[in-house]
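The values are calculated or read from the model by the stated rules, or taken from the named source; none is laboratory data. Just so it is clear, the structure is predicted and the values come from calculations on it, not from any experiment. All Cβ positions, glycine included, derive from the backbone under ideal geometry; neighbour counts span all protein chains shown. Only protein heavy atoms, including side chains, enter the accessible area calculation; ligands, DNA and RNA are left aside. Shrake-Rupley method; radii C 1.70, N 1.55, O 1.52, S 1.80 Å.
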Amino acid sequence: MPLRFDWDSLDTMMLFKDQHVLITGAGKRVGKALCDYFSAEGARVSGHIYRSTPESSKNVRYYRADLRHLAQIDTLGESVEKDSGPVDILINSASDFFPTEPCSESDWESLFSLNLKAPYYLSSKLQPGLQARRGCILNLVDIHAAKPLRHFAVYCATKGGLWTLTRSLAAEWAPTIRVNSISPGTVSVPDAFTPEQIQRATERTLLKRLGCPEDIVQAASFLCRSHYVTGLDLKVDGGASLL
């Protein structure tokens, strides 16, 4: 069974006390779990949402924006810094995922705009503050960046680009900004998944179980606290990428 955390019983060390964390795609699932964790650890959390109504999270200030548009990325960056100061940790979690066979031009533009262009431009927008704070950036990639998923060619291409962008920015923005990524496996199945589909996904892991959002939280906490780690992609997939 996946590990579950009791956020109220966390150590009182407050690992991220007084740091400002911006999390995109913060409304549900992994994004919400990240908001819960960082706020419980004493951070000032800014959560980006788009269409979703966020599930309740303590001490999180939400901002609504469509990250496919540069003007809204600029507004988001300006607003969070005005309200809560420079960002110490940026987590690019917002993403879209759908099959592209065939792929329309609008599908292509939508996937590349949200999954790849937005992380680059938001990171660039916040770079001066991150640099001054010696902060870090964490990108949510996907194991299918390296192991493509059939019928999802364009999605996989965007995640492959984000993987490369992670390493490129790690090299360019060192030594003042660390840039890492996490490549999740199946940590949150779609609501429409049948028991048979869930079983097949489980069998495609070495550990023979699915993950959960808290598995990504553990990895994120490690990477955001590890000051001698940059340019790393950490796979959190139960060993699925080895099969």
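Structure notes:
- Residues satisfying the stated conditions in the stretch 37-60, i.e. assigned to a helix (DSSP H, G or I) and without any contact (Cβ under 8 Å) to a residue 60 or more places away in the chain: Phe38, Ser39, Ala40
- The lone criterion from (1) over 17 Å from the mean Cα position of the chain (by Cα); (2) open to solvent by 60 Å² or more (accessible area, probe 1.4 Å); (3) among the hydroxyl-bearing types (Ser, Thr, Tyr); (4) under 25 Å from Val217 (Cβ atoms) left unmet by Ser84 is number (2).
- Of all residues in the stretch 173-194, none are assigned to a helix (DSSP H, G or I) and either touching a Gly at 6+ places or on another chain (Cβ under 9 Å) or among the acidic types (Asp, Glu) (or both).
- Inter-residue pairs, beta-carbon under 7 Å, first at positive phi and in the stretch 76-94, second buried (at least 23 other Cβ atoms within 10 Å of the Cβ), 6+ apart: Gly85/His20
Matching residues to (1) part of a strand (DSSP E or B); (2) open to solvent by 50 Å² or more (accessible area, probe 1.4 Å); (3) within 26 Å of Pro175 (Cα to Cα):
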{"position": "Tyr62", "(1), (2), (3)": "yes, yes, no"}
{"position": "Leu67", "(1), (2), (3)": "no, no, no"}
{"position": "Pro99", "(1), (2), (3)": "no, yes, no"}
{"position": "Tyr120", "(1), (2), (3)": "no, yes, yes"}
{"position": "Ser124", "(1), (2), (3)": "no, no, yes"}
{"position": "Leu130", "(1), (2), (3)": "no, no, yes"}
{"position": "Ile137", "(1), (2), (3)": "yes, no, yes"}
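- Residues in the stretch 199-218 that are of a type outside the set (S, T, N, Q) and surrounded by 14 or more Cβ atoms within 10 Å (Cβ to Cβ): Ala201, Arg204, Leu210, Gly211, Cys212, Pro213, Glu214, Asp215, Ile216, Val217.
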